[in-house]
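> Next up is a structure, given as structure tokens.
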Amino acid sequence: MDGPRSQRVIIVGGGTAGWMTAAALARLLPRRCTVHLVESEAIGIVGVGEATLPHIRAFNERLGIPEADFMAATRGTFKLGIEFRDWARIGDSYVHPFGTFGRGRSEIDFHQYWARLHQAGIAVPPIEHFSLACQVARRNRFATPSTDPRELASTFGYAYQFDAVLFAPYLRRIAEGLGARRTEGKVVDVERDGETGDIAALVLESGERVEGDLFVDCSGFRALLIGDAMGEPFEDWSQWLPADRAAAMPCRSQGALTPYTSAVAMPAGWRWRIPLQHRTGNGYVYSSAFTSDEDAARAIAAGVDGTPLAEPRVLRFKAGRRARGWVGNCVAVGLAGGFLEPLESTSIYLVQQAITLLLELFPETRIAPSDRDEFNRVINLEYDRIRDFLILHYHATERTDTEFWNYVRTMAIPDSLADKMELFRRRGRVVKYREGVFLDASWVAVYLGQRVIPVGHDPRAAAPPTDALVAELHALAAEIDRTVQAMPTHEAFIARHCAMADAA
Amino acid sequence: MSSGEPIRRIAIAGDGIVAWSAAAALRRRMPWLSVALVRAPVAPGAMADCIASTLPSILGFHDDLALRDDDAVQRTGAAVRLGTAFEGWVEASPGYFHGYGAHGRPFGTASFQQHWIRAAQAGDARPFHDYSPAAALALGGRFVPPDPSPSAPLGRFEYGLVLDLPRYRAMMRALALHSGVSETGDLAGVERRADGGVAGLHLTNGNRVTADLFVDATGPAALLRAGAGGGREDWSRELLCDRVVIADAADAREAPPYDRVEARADGWQWTASAARSTQTGRCFSSRHGTPEPDGEVAELSPGTWERPWLGNCVAIGDAAIAIEPLEWSNLHLAHSAIDRIVAMLPDRDCVDIELAEYNRQTLAEARRVRDFVLLHYVTARRAEPFWQASAAVALPQTLEHTLIQFRERGRLPVHEEETFARDSWAAVLFGQGVVPRRVDPLIEDTDPAASARAMTSFHGELISAVRAAPPSRAFHDQQGRSAR
């Protein structure tokens with residue numbers, strides 16, 4: 001059929017964002033575009049061991065990527081949530097699960113009953129005892145969830161933890177197999193159309209000139225196109241999210257293979273622990289205003305739980321996003337468009353959302369302003385809602401042991417978050433939004449885990465007699481326990497389904 | 001922090017379907033509350049109390065009250081309605097049908113709507129409603145409940161009810177009283193607190209009713225809420241119809257399981273039939289120079305309180321939101337308010353932050369319903385001054401965004417608290433001849449011929465399934481027998 005002329009899409013940057021974009025466009029819009037990716041091997045990629053959200057599964061499925069193959073190739077593990085240690089108080093630990101509390105099907109949210117008993121002074125275990133996802137995670141087990149919504153085993157979802165350095169080449173093979181072109185080279189100049197301001201071509205170090213219709217900036221923090229060339233302003237959120245560096249240090253795996261990522265609070269930030277099949281990724285995300293690179297390197301070296309595999313490597317960043325992610329004929333995907341620290345594993349999710357929107361709003365020969373506006377509206381909404389969720393983790397703390405924690409505990413927060421917190425504190429209400437990645441159960445997990453405990457509850461939760469409610473909670477905990485017992489260990493599940501080939 | 005004093009007593013003012021539904025729902029869903037109803041007569045302008053046609057959500061409202069169909073539907077003489085037939089909204093164009101629920105069956109990499117758009121651009125599409133199971137049943141005069149299998153041709157559709165209003169109100173009143181609601185007398189006056197809140201309700205029998213929370217279901221006069229202060233958001237610059245005339249007649253004629261909405265020079269008129277009664281009505285603009293018709297003319301001032309819930313008084317139904325009955329959202333909005341009161345009930349102190357969240361959701365919902373109603377006018381094409389003026393109104397930003405996205409590429413952004421599903425928006429837009437300029441590029445992976453075959457095949461299955469379904473009258477008779 002006669003369609004619009006095929007668009008020449010030029011992608012700058014060959015990291016996770018670049019190759020995810022290339023593979024998706026080549027697979028899903030073969031008639032609409034040709035894909036040409038420019039990357040330089042001289043520039044390293046940030047990939048530090050990546051934890052994801054369950055949405056990644058839909059992305060893989062859309063690209064026809066078989067799970068076991070993908071897991072083996074990227075030395076991936078399964079992820080049921082994130083464990084937060086020492087956040088509200090030193091010694092605290094909670095899991096933010098990919099799943100619900102209770103059976104997930106009642107008219108009144110489970111945490112309302114939990115809050116009622118808690119307020120009545122009745123000893124109830126922490127709420128994670130009533131989440132199957134949390135309990136499976138805590139006991140290092142794994143099985144895929146049931147698709148029957150009546151079953152308890154349907155109350156969780158899962159994502160992956162994998163080696164991002166291996167994911168990009170994996171996607172590259174797929175993209176190139178679908179016809180995407182790749183050019184090795186460093187961009188030294190960006191030519192812009194004098195009239196429209198659009199990008200006309202890239203000039204590489206070799207002198208080669210790469211012309212295109214649509215330019216996707218996947219150059220990471222450097223933001224070569226959206227920042228340097230287009231000059232789109234960056235909205236700085238470091239007043240709320242002061243962490244601006246990370247010291248990354250992989251180590252050998254030690255102990256049981258956890259089906260979750262850990263985020264451990266530190267004196268001037270927090271450190272991640274991401275278990276992979278062949279090693280464990282670690283990194284200390286910190287604020288340079290509150291600690292030095294040297295101290296951070298020492299702290300991460302002391303924090304890892306296996307033999308270090310490299311010296312600490314320092315990455316620099318700033319929290320925030322571009323005012324607009326799509327300007328003229330330049331679309332930012334990934335870190336070029338914005339950065340939010342990996343506390344809730346949102347980086348790849350944000351890449352995926354930008355790609356999904358780009359697919360849905362893919363331009364004809366001339367880019368319609370309405371396409372750009374819609375892209376920017378939806379993407380900005382995503383960033384803004386995640387921002388509030390991240391700030392909550394820092395702000396809702398009782399820690400007074402370092403200047404960093406004193407700062408985040410007492411800083412002014414966005415009104416949008418202050419109202420949300422107050423509603424939860426009063427009566428356990430979670431502000432409902434249709435769009436945005438984190439749903440009610442996520443907010444409940446983090447509020448309670450951060451000791452934002454409601455002083456009231458939904459009046460309907462007072463209806464069942466106390467004894468009956470307590471008995472029901474015990475029965476639920478027992479059923480969760482039985483369900484967990486019947487699952488294989490995470491390690492055994494991986495060995496059976498998706499073990500990596502022996503590492504070279 | 002929270003005062004911790006729970007709400008124990010609620011007083012509801014009103015005497016129509018909205019007031020009695022609120023009384024029954026609040027008492028049944030929160031049985032520890034004491035619920036009193038103070039009668040206040042229903043004004044003819046109270047659309048939520050006076051409009052017989054309802055949306056599919058009414059069935060969910062019944063479920064939450066544990067009301068069975070034979071009690072709520074058959075014994076009250078209600079009839080099923082699968083959608084609305086629109087006539088005359090676009091000159092020289094055949095009418096269209098807005099059937100509830102899904103249209104078509106998705107396949108390949110894009111939604112069914114995109115397949116339809118591509119076919120329409122090629123001039124090769126049946127009307128969109130030909131792919132609506134609800135429309136197919138309705139226009140065939142037939143009815144069966146939706147098939148639980150989503151892939152069945154008669155799966156994934158929805159239906160609402162046409163109420164026999166006096167009988168339905170009587171049923172709801174009986175249910176409320178049976179559930180323990182006390183009917184205390186007739187409203188004589190409202191006693192105010194210093195801050196404008198309600199201190200108590202004075203009755204004609206000399207008694208005084210106090211409560212922790214007052215629910216205003218008194219219709220557009222908003223007898224309780226109006227005195228509490230705060231501003232209104234006015235929609236009369238966008239929605240030009242400001243008069244409604246309704247006539248209810250008892251009859252027992254063979255009526256189809258849908259209603260008709262016909263555009264006229266100065267507005268529109270409708271016909272909707274329950275089992276033994278028929279409602280007809282007219283909605284029009286008094287500024288567009290037509291003589292007043294016979295019957296009692298109700299005035300309509302479209303708009304909403306900026307804060308439907310203020311202090312210890314929450315307005316529901318027409319006391320909160322006034323909008324013309326096009327697309328029959330009135331009782332739905334009242335039900336939605338009742339559900340929201342149940343889900344968000346604060347303490348006795350009704351602190352602002354909790355009410356603000358209630359009001360945020362309520363306004364988001366109301367504005368999107370306004371957008372959907374307004375959509376009909378701004379995409380209609382008729383030459384009369386009323387229609388020209390309606391098409392030229394300044395659009396609310398949210399509707400403008402929807403129209404730009406749809407006209408450009410068939411995208412329908414979902415907003416917070418949306419009442420009408422994408423399929424409903426598409427049914428009206430396609431029905432009124434708005435075809436997007438472009439199609440979603442993701443569809444290009446599917447060959448147009450394969451699209452056409454799949455669409456034809458679905459349509460064929462639908463026709464056969466409808467032929468095998470019983471006439472809607474038979475369905476009602478059978479249900480009626482089983483109810484006895």
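> Is it the case that the stretch A:433-451 has a residue that's away from chain B (no Cβ under 11 Å), under 20 Å from the mean Cα position of the chain (by Cα) and hydroxyl-bearing (Ser, Thr, Tyr)?
Taking the stretch A:433-451 and keeping what is away from chain B (no Cβ under 11 Å), we get A:437-451.
Now restrict to residues that are under 20 Å from the mean Cα position of the chain (by Cα): A:437-447, A:449-450.
Then drop every residue that is not hydroxyl-bearing (Ser, Thr, Tyr), which leaves A:442, A:447.
Yes, that holds for at least one residue.
> Being farther than 24 Å from A:Leu439 by Cβ, among the basic types (Lys, Arg), touching a Phe, Trp or Tyr at 6+ places or on another chain (Cβ under 8 Å) and surrounded by fewer than 20 Cβ atoms within 10 Å (Cβ to Cβ) is the requirement here; does A:Arg172 meet it?
Values: farther than 24 Å from A:Leu439 by Cβ: yes; among the basic types (Lys, Arg): yes; touching a Phe, Trp or Tyr at 6+ places or on another chain (Cβ under 8 Å): yes; surrounded by fewer than 20 Cβ atoms within 10 Å (Cβ to Cβ): yes.
Here the answer is yes, as A:Arg172 does meet what is asked.
> Also: Is it fair to say B:Ala194 is assigned to a loop (DSSP other than H, G, I, E, B), of a type in the set (A, V, I, L, M, F, W, C) and over 30 Å from the mean Cα position of the chain (by Cα)?
Numbers: assigned to a loop (DSSP other than H, G, I, E, B): yes; of a type in the set (A, V, I, L, M, F, W, C): yes; over 30 Å from the mean Cα position of the chain (by Cα): yes.
Considered against the rule, which asks whether it is assigned to a loop (DSSP other than H, G, I, E, B), of a type in the set (A, V, I, L, M, F, W, C) and over 30 Å from the mean Cα position of the chain (by Cα), B:Ala194 comes out as yes.
> Does the stretch B:105-126 contain at least one residue that is hydroxyl-bearing (Ser, Thr, Tyr) and modelled with pLDDT of 95 or more? Give the derivation first.
Applying the first criterion (hydroxyl-bearing (Ser, Thr, Tyr)) to the stretch B:105-126 yields B:109, B:111.
Next cut, modelled with pLDDT of 95 or more only: none.
No; the residues of the stretch B:105-126 include none that is hydroxyl-bearing (Ser, Thr, Tyr) and modelled with pLDDT of 95 or more.
> To continue, here is another question. Among (1) without any contact (Cβ under 8 Å) to a residue 24 or more places away in the chain; (2) surrounded by 21 or more Cβ atoms within 10 Å (Cβ to Cβ), which single condition is A:Ser262 missing?
Of (1) without any contact (Cβ under 8 Å) to a residue 24 or more places away in the chain; (2) surrounded by 21 or more Cβ atoms within 10 Å (Cβ to Cβ), only one is false for A:Ser262: (1).
Residue by residue, here is whether (1) within 27 Å of A:Asp92 (Cβ to Cβ); (2) within 14 Å of chain B (Cβ to nearest Cβ); (3) in contact (Cβ under 8 Å) with a residue 24 or more places away in the chain holds:
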site	(1), (2), (3)
A:Val331	no, no, yes
A:Gly334	no, no, yes
A:Ile348	no, no, yes
A:Pro369	no, yes, no
A:Asp373	no, yes, no
A:Arg425	yes, yes, yes
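> If the requirement is being without any contact (Cβ under 8 Å) to a residue 24 or more places away in the chain and closer than 22 Å to B:Ser53 by Cα, which of these qualifies: B:Ala217, B:Ala174? Quick ask: steps written out before the conclusion?
On the way: B:Ala217 fails: without any contact (Cβ under 8 Å) to a residue 24 or more places away in the chain.
The conditions single out B:Ala174.
> Let me ask something else. Of the residues B:Ser472, B:Ser424, B:Ser451, only one is within 13 Å of B:His115 (Cα to Cα), in contact (Cβ under 8 Å) with a residue 40 or more places away in the chain, of a type in the set (S, T, N, Q) and buried (at least 16 other Cβ atoms within 10 Å of the Cβ); which?
It is B:Ser451.
> Filter the stretch B:334-348 down to residues that are within 20 Å of B:Gln361 (Cβ to Cβ) and touching a Ser or Thr at 6+ places or on another chain (Cβ under 8 Å) and give me whichever is nearest to the other protein chains (Cβ to nearest Cβ).
Step one: filter the stretch B:334-348 for residues within 20 Å of B:Gln361 (Cβ to Cβ), giving B:334-347.
If we keep only those that are touching a Ser or Thr at 6+ places or on another chain (Cβ under 8 Å) too, we end up with B:334-338, B:340, B:347.
Working: B:Ala334: 20, B:His335: 15, B:Ser336: 13, B:Ala337: 16, B:Ile338: 14, B:Arg340: 11, B:Asp347: 7 Å.
The residue in question is B:Asp347.
> To continue, here is another question. Let me confirm something: among B:Glu299, B:Glu324, B:Glu306, which residue is charged (D, E, K, R), more than 14 Å from chain A (Cβ to nearest Cβ), surrounded by fewer than 24 Cβ atoms within 10 Å (Cβ to Cβ) and within 16 Å of B:Gly45 (Cα to Cα)?
B:Glu299
> Mind listing whichever residues of the stretch A:245-256 are in a loop (DSSP other than H, G, I, E, B), buried (at least 20 other Cβ atoms within 10 Å of the Cβ) and touching a Ser or Thr at 6+ places or on another chain (Cβ under 8 Å)?
Initially, the stretch A:245-256 is screened for residues in a loop (DSSP other than H, G, I, E, B), giving A:249-250, A:252-256.
In the following step, the residues that additionally are buried (at least 20 other Cβ atoms within 10 Å of the Cβ) were identified as A:249-250.
Hit for the stretch A:245-256 is A:Pro250, nothing else.
> Next question, about the same structure. Can you name the residue in the stretch B:421-451 that is in a loop (DSSP other than H, G, I, E, B) and among the small types (Gly, Ala, Ser) and is also farthest from B:Gln121 (Cα to Cα) among such residues?
Initial filter on the stretch B:421-451 (in a loop (DSSP other than H, G, I, E, B)): B:421, B:432-440, B:446-447.
Filter again for among the small types (Gly, Ala, Ser), leaving B:421, B:433.
Numbers: B:Ala421: 23, B:Gly433: 11 Å.
So the residue we want is B:Ala421.
> Pairs only if they're at least six apart or on different chains, beta carbon under 6 angstrom, first in the stretch A:161-175 and under 25 Å from A:Asn282 (Cβ atoms), second crowded, with 19+ Cβ neighbours inside 10 Å and basic (Lys, Arg); list them, first residue then second.
A:Gln161/A:Lys79; A:Asp163/A:Arg75
> Can I ask one more? Within the stretch A:348-395, restricting attention to residues that are part of a helix (DSSP H, G or I) and hydroxyl-bearing (Ser, Thr, Tyr), which residue is farthest from A:Gly449 (Cα to Cα)? Walk me through how you get there before you give the answer.
Kept after step one, since they are part of a helix (DSSP H, G or I), are these residues of the stretch A:348-395: A:348-360, A:369-395.
Filter again for hydroxyl-bearing (Ser, Thr, Tyr), leaving A:349, A:356, A:370, A:383, A:394.
Numbers: A:Tyr349: 23, A:Thr356: 32, A:Ser370: 41, A:Tyr383: 23, A:Tyr394: 12 Å.
Applying the filter and picking the extreme gives A:Ser370.
> Now for a different question. Of all the residues that make up the stretch A:320-335, how many are under 23 Å from A:Arg271 (Cα atoms), out of contact with any Cys (no Cβ under 6 Å at 6 or more places or on another chain) and not in a strand (DSSP E or B)? Talk me through it step by step, then tell me what you get.
If we filter the stretch A:320-335 for residues that are under 23 Å from A:Arg271 (Cα atoms), which is where we start, we get A:320-321, A:334-335.
Retained after the next criterion (residues that are out of contact with any Cys (no Cβ under 6 Å at 6 or more places or on another chain)): A:320-321, A:335.
Next, from what is left, pick out any that are not in a strand (DSSP E or B): A:335.
Qualifying residue count, the stretch A:320-335: 1.
> Taking B:Val80 as the residue in question, decide whether it is out of contact with any Lys or Arg (no Cβ under 9 Å at 6 or more places or on another chain), under 13 Å from B:Val162 (Cα atoms) and hydrophobic (A, V, I, L, M, F, W, C). Write out each step before concluding.
On the way: out of contact with any Lys or Arg (no Cβ under 9 Å at 6 or more places or on another chain): yes; under 13 Å from B:Val162 (Cα atoms): yes; hydrophobic (A, V, I, L, M, F, W, C): yes.
Criteria met by B:Val80.
The values are calculated or read from the model by the stated rules, or taken from the named source; none is laboratory data. On a predicted model such as this, the values are computed, not experimentally measured, just so you know. Using ideal geometry, Cβ is built from the backbone for each residue, glycine included, and neighbour counts are taken over all protein chains shown.
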